[in-house]
Amino acid sequence: MNSREKFISSLHNKNHGRPPLWVMRQAGRYLPEYRKLREKYTFLEMVKTPELAVEVSLQPLKRFELDASIIFSDILVVPEAMGQPYYFRDQGGIGMEFKLETENCINKLDADNSVDKLSYVKDALLLLRKQIGDSKAMLGFCGSPWTLACYMIDGGSSPDFPRTVNWAKTSPNSFAKLMEKISSVLVNYLNMQASSGVDAIQIFDSWNALCPDKYLNEWSLYWINQISLEVSNKVPIILYAKTPSGRLHLFSNCKVSGISLDHKTKLSDARKILPSSFTLQGNLNPNVMETSPDNVEHKTLKLLNEMRGDSGHILNLGHGIRPNAKIECMEALVKTTREFT
Ligand code: CP3
């Protein structure tokens, strides 16, 4: 069974043997070849030039025997295409060129032409498929409406996005209007990715934890389900939900194929709580990749043994790989997974 078949069979809960492995934000700053290219081009130049985006997407696959490739892009290209550009702050993190402050700002966002402006993602996906062939899986992705709204309303990175939480709480109608607009763009965007040959789509709800239990559905999951209902008949959807483990049961009715979890939840506990049909993705602590190969081997074996025999497990980090991750730790992760029986 090749990597792609293994990945697809895990999505259908039918994989036997070791789980498939890929790593989120794999094309990140920990690779010297990425940093070298980045000296020549801005991040958005690389994202918007299909040949460069594909080169970066392939960098980790050239070094490591991963089973899947995720297209090099960013969740914030969607607000950018809707008319809200962003940049990297000097001190780190993201800044949006302006904040959404009033309902009028929502009205001004362009939902009609934004997917045309994202056609570079389609071109990159078609080219990436050509390069990786049929033996590796290819993933597309987007941010969830809630997580995108966090950046759009607070105007960039924040530990707790207080303006967004306040807007959702105090003006639910105008907030819903924003969510509807973002969701309509995402449906078209994901359909475009589906028709470009992705094997799965990951929706990143990175800021899910900021929705209190009683608003979890109204602020986030409802919109993810709306999108999923329109797209999941074409391609399976994995929801990355960075959320407290105590409320995993609230995700049981999500209309997705799988859930990806961060390292704070024990994956075998999640298996007992969530429907058995869900693929479970995760969830090594990304910090481990900054330690030593021996420690990576130990932690990986622990997780692999915990999930032994689970036909719907995809091995992944609990969050994106960090700039200080060590290459020899990635090598240990791949070797340990590949040798696991
Ligand atoms: O593996 C891959 O290459 C996939 C591409 C990918 C990127 N971002 C590339 C990237 C993916 C899947 C993302 C997702 C993403 N982007 C999320 C959701 C996942 C998560 O981390 O919770 C979010 C919230 C973003 C928004 C974003 N973009 C942030 C917070 C940052 C880091 C800013 C900083 O200074 O710390 C980015 C930049 C970014 N996106 C980089 C990469 C490789 C680093 C760019 C660089 O400095 O060269």
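Over the chain, with a single point scatterer placed on each C-alpha, what log10 of the ratio I(q)/I(0) does the Debye formula yield at q = 0.08, 0.11, 0.12 1/Å?
So the normalised log intensities work out to -0.35, -0.69, -0.83.
For the chain, what is the calculated [θ] at 222 nm in deg cm²/dmol (nearest 500), taking -39500 (n - 2.57) for each run of four or more DSSP H residues and dividing by its residue count?
Values: 15 runs with 153 residues, N = 341.
After summing the helix terms and dividing by the residues of the chain, the value is -13500 deg cm²/dmol.
Compare the peptides 188-197, 11-20 by average per-residue count of other Cβ atoms within 10 angstrom and give them in order, highest first.
188-197, 11-20
From the backbone phi of the stretch 287-299, what are the Karplus-calculated ³J(HN,Hα) couplings (6.51 cos²θ - 1.76 cosθ + 1.60, θ = phi - 60°) in whole Hz, Gly and Pro given as x?
Per residue, the Karplus-derived 3J(HN,Hα) values read 4, 4, 6, 9, 9, 9, x, 4, 5, 4, 4, 4, 5 Hz.
Tell me, what HN-Hα J-couplings in whole Hz come from the Karplus equation 6.51 cos²θ - 1.76 cosθ + 1.60 at θ = phi - 60° for each residue of the stretch 130-135, using x for Gly and Pro?
4, 6, 8, x, 8, 8
Which angle between 0 and 90 degrees, to the nearest 10, do you get for helix 50-63 versus the longest principal axis of the chain when only C-alpha atoms count?
The two axes meet at around 30 degrees.
Can you work out the accessible area per residue across the stretch 3-339, with the rest of the protein chains kept in place, probe 1.4 Å, in square angstrom?
Averaged over the residues of the stretch 3-339, the accessible area is 41 Å².
How charged is the neighbourhood of Asp67? Take every other residue with its Cβ under 11 Å from the Cβ of Asp67, and add Lys/Arg as +1 and Asp/Glu as -1.
The answer is +2.
Where both residues lie in the chain, what percent of DSSP beta bridges are antiparallel, nearest 5? Working shown, then result.
On the way: 4 of 29 bridges.
Of all bridge pairs located within the chain, approximately 15 percent are antiparallel.
If amide hydrogens are placed 1.01 Å from N in the peptide plane, which non-local residues have theirs closer than 5 Å to the one on Asn316?
Gly282, Asn283, Leu284
On a 0 to 90 degree scale, rounded to 10, what angle separates helix 222-231 from the longest Cα axis of the chain?
70
In straight Cα distance, which aspartates and glutamates are under 19 Å from Lys272, not counting same-chain residues fewer than 8 positions off?
Correct list for Lys272: Asp262, Glu306, Asp310.
Which percent of Cα pairs goes in each bin when the distances of the stretch 1-56 are cut into 5 angstrom slices starting at zero?
Answer for the stretch 1-56: a P(r) of 4, 17, 21, 13, 10, 14, 13, 8, 1 percent.
If you find the alpha carbon centre of the stretch 142-207 and of the stretch 64-119, how far apart are they in angstrom?
10
How tilted is helix 145-154 with respect to the longest principal axis of the chain? Cα atoms for both, answer in degrees (0 to 90, nearest 10).
Between the helix axis and the principal axis of the chain, the angle is about 60 degrees.
The values are calculated or read from the model by the stated rules, or taken from the named source; none is laboratory data. Bear in mind the structure is a predicted one, so any value in this text is a computation, not a measurement. Cβ coordinates were reconstructed from backbone atoms using ideal geometry, including for glycine residues, and neighbour counts include every protein chain displayed. These area figures cover heavy atoms from the full protein model, side chains too; ligands, DNA and RNA do not enter into them. Shrake-Rupley method; radii C 1.70, N 1.55, O 1.52, S 1.80 Å.
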